[in-house]
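A quick write-up on the structure given underneath.
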Amino acid sequence: MEKFLYLVLDVFSFLIPFAYSFERKHLHFIQYWKPYFLAILLVGLFFITWDVYFTVEGVWGFNNRYLVGINIFYLPLEEWLFFLLIPYASNFIHYSLKYFFPKPKLTPQSSFYLSLLLFILSAVVAVLNFDKIYTLCSFGLFSILMLIQLKYGFAIFQRYILSFLIILIPFFIVNSWLTGAFTAEPIVFYNDDENLGIRVGTIPLEDFFYCFSMLYGSILLFEHFKKKRF
């Protein structure tokens with residue numbers, strides 16, 4: 001059973017949000033399947049390329065004890081599924097919150113200043129840790145995303161940043177499992193020479209910024225494709 005652990009985490013994270021996507025009375029989210037999956041796939045290709053490179057370079061790795069043993073381009077099958085299933089489930093939370101609780105959101109001004117603050121902080125961390133590739137890339141990409149947000153002022157940020165605080169709850173549970181909080185050994189292990197060495201529980205700090213960039217990036221693409229009626 002151990003060898004199916006990562007696969008089980010992927011599938012069970014996805015099943016309930018996917019099942020509720022077909023619910024017709026309220027959100028009926030499955031009607032947007034084409035632009036949603038297209039956005040997830042395009043963003044996923046970028047992060048999978050990043051993942052392959054970091055795996056080859058030993059920035060992180062995977063424990064075969066918890067894997068079914070199928071590898072594609074240096075990555076286990078479970079990691080490929082992660083980039084398809086976890087973004088779907090995570091951002092489904094955002095759209096559910098938006099549907100059932102439409103009012104909570106930041107003002108445009110507070111959204112701008114928060115984006116500015118996050119940009120400055122993440123850019124400084126990236127520049128000061130140029131020798132740590134995971135820190136540089138995760139904080140660097142996040143800072144670029146915040147710079148784009150500052151330039152274009154996407155209104156969705158006003159809601160999404162609040163949704164992300166809720167998304168962090170399942171993210172923390174799943175990522176804690178992957179990084180060894182509930183297992184004898186971590187499923188995904190990290191070379192701490194390439195990160196800050198700061199953990200939230202068992203999760204490297206960089207993972208939170210990596211996660212936001214992946215999820216918010218797919219949200220922005222989805223909103224764009226939805227308007228284009230893909």
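The values are calculated or read from the model by the stated rules, or taken from the named source; none is laboratory data. Quick caveat, the model's predicted, so the values are computed rather than measured. We place every Cβ from the backbone using ideal geometry, glycine too, and count neighbours over all the protein chains shown. These area figures cover heavy atoms from the full protein model, side chains too; ligands, DNA and RNA do not enter into them. Shrake-Rupley method; radii C 1.70, N 1.55, O 1.52, S 1.80 Å.
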With label points set 7 Å from each Cα along the Cα-to-Cβ direction at L42 and I198, the distance between them in nm comes to 3.3
Which of Y53, V124, P104, positive extreme of dipole for the chain (C-beta unit charges): P104
Please state the charge dipole magnitude for the stretch 106-228, taken about the Cα centre, from unit charges on C-beta atoms (+1 on K and R, -1 on D and E), reported in debye and rounded to the nearest 20. 740
Quick one: grab the alpha carbon gyration tensor of the stretch 105-180, order the square roots of its eigenvalues as a ≥ b ≥ c, and give me rounded if a/c is under 1.5, else prolate or oblate depending on whether a/b is larger than b/c. oblate
Quick check for me: using +1 on Lys/Arg Cβ and -1 on Asp/Glu Cβ, what's the dipole size of the chain about its Cα centre, in debye to the nearest 20? 1460
Cα-based Rg of the chain normalised by 2.2 N^0.38 Å, two decimals: 1.01
With helices defined as uninterrupted DSSP H runs, which ones in the chain have an alpha carbon span along their own long axis of at least 15 Å and mean Kyte-Doolittle hydropathy of at least 1.6? 5-20, 108-128, 157-178
Area projected by the alpha carbon convex hull of the stretch 115-230, averaged over all directions, nm²: 8.2
Using a 1.4 angstrom probe with every protein chain in place, what is the largest-first accessible-area order of C211, C137? C137, C211
Note down the net charge around L162, summing +1 for each Lys or Arg and -1 for each Asp or Glu among other residues with Cβ under 12 Å from its Cβ. +4
Rounded, prolate or oblate: which one fits the stretch 45-170, using the alpha carbon gyration tensor with axes a ≥ b ≥ c (rounded when a/c is under 1.5, else prolate when a/b beats b/c, else oblate)? oblate
Could you please state how large a percent of the accessible area of the chain is carbon and sulfur, counting protein chains only and using a 1.4 Å probe? 71
At 222 nm, what helix-only mean residue ellipticity would the chain give, in deg cm²/dmol to the nearest 500, using -39500 (n - 2.57) for each DSSP H run of four or more? -23000 deg cm²/dmol
My understanding is that a pair violates if its Cα-Cα distance is over 27 Å; which of K3/K98; K151/K228; K3/K132; K103/K226; K25/K227; K105/K228 do that in this structure? K3/K98; K3/K132
Per residue accessible area in Å² of the stretch 43-174, where ligands, DNA and RNA are left out and the probe is 1.4 Å: 51
Identify, among T202, I187, F171, the residue whose Cα sits farthest towards the positive end of the charge dipole of the stretch 171-230, taking +1 on the Cβ of Lys and Arg and -1 on the Cβ of Asp and Glu, with the dipole about the Cα centre. F171
Tell me which chymotrypsin sites (Phe, Trp or Tyr not before Pro) from the stretch 68-124 have a DSSP coil assignment and no more than 16 other beta carbons within 10 Å of their own. F73, Y74
Compute for the stretch 1-89: radius of gyration divided by Kirkwood radius, i.e. Rg/Rh, restricted to C-alpha atoms, rounded to two decimals. 1.04
The correct ranking of R159, R199, R24 by accessible area at 1.4 Å, largest first, is R24, R199, R159
Candidate residues I148, I48: accessible-area rank, largest first, probe 1.4 Å: I148, I48
What length, rounded to one decimal in nm, is gained on full extension from F130 through to Y74, with 0.36 nm per residue of separation minus their alpha-carbon distance? 17.6 nm
